[in-house]
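The values are calculated or read from the model by the stated rules, or taken from the named source; none is laboratory data. Every value quoted in this text rests on a predicted model; they were computed, and no experiment measured them. Virtual Cβ from ideal backbone geometry, glycine too; neighbours counted across all protein chains shown. Surface areas here come from the heavy atoms of the whole protein model, side chains and all, with no ligands, DNA or RNA. Shrake-Rupley method; radii C 1.70, N 1.55, O 1.52, S 1.80 Å.
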Amino acid sequence: MRRAGLLVLGLLASCATYPRQSVRPLRPLELAIAPYQDAVTATLTGSLMYEGGCLWFRDDQTRARLLPVWPIGSIFNGTSVIFHQPGKSDQPILIGEEFVMEGQPQPWSALSTPAYAPFERQCGAQPFYVSRVHPAD
């Protein structure tokens, strides 16, 4: 009887634990950031939207959602992103403001570090390294 009780307690304890590799939820106002990438292979016009804890770029032409990966030094304050381009003045981009975003789309496999796992799990949109931004005409 004692052995059966210990077995049941052991099974219950194993059910209550979680994997050590679990992915945490995104923190409020968290940005996907990476070292600055100068290469530009795509130019898109659209606007930023913040929904479900994710900051997305919505392309005006295709209506596709992308996950911008901003240069290190960029900041999100809830109403705007302060875009940091090395050697240039920081530039604010308001949520909902139409602007042109230049950079390069990347597959999730290119963002291999564990820091991006919460973004992939929670947001899921295709990552896009942001190189330059400017107002839409």
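Within the stretch 80-120, being in contact with a helix residue (DSSP H, G or I) (Cβ under 9 Å, 6 or more places away or on another chain) and free of Cβ contacts under 8 Å to residues at least 60 places away in the same chain holds for Trp108, Glu120. If only one of Leu7, Leu66 is more than 16 Å from the chain's Cα centre (by Cα) and either open to solvent by 80 Å² or more (accessible area, probe 1.4 Å) or at pLDDT 95 or above (or both), which one is it? Leu7 is the lone residue from the list that is more than 16 Å from the chain's Cα centre (by Cα) and either open to solvent by 80 Å² or more (accessible area, probe 1.4 Å) or at pLDDT 95 or above (or both).
Checked against (1) assigned to a loop (DSSP other than H, G, I, E, B); (2) at pLDDT 95 or above; (3) among the polar types (S, T, N, Q), Gln104 meets all criteria but (1).
Yes/no per residue for (1) in a loop (DSSP other than H, G, I, E, B); (2) touching a Ser or Thr at 6+ places or on another chain (Cβ under 8 Å):
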residue	(1), (2)
Leu29	yes, no
Arg58	no, yes
Pro86	yes, no
Gly96	yes, yes
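Each residue in the stretch 76-98 was checked for being under 16 Å from Tyr129 (Cβ atoms) and surrounded by 13 or more Cβ atoms within 10 Å (Cβ to Cβ), and 5 pass. The single condition among (1) open to solvent by less than 70 Å² (accessible area, probe 1.4 Å); (2) polar (S, T, N, Q); (3) not in a loop (DSSP other than H, G, I, E, B) that Gln37 does not meet is (3).
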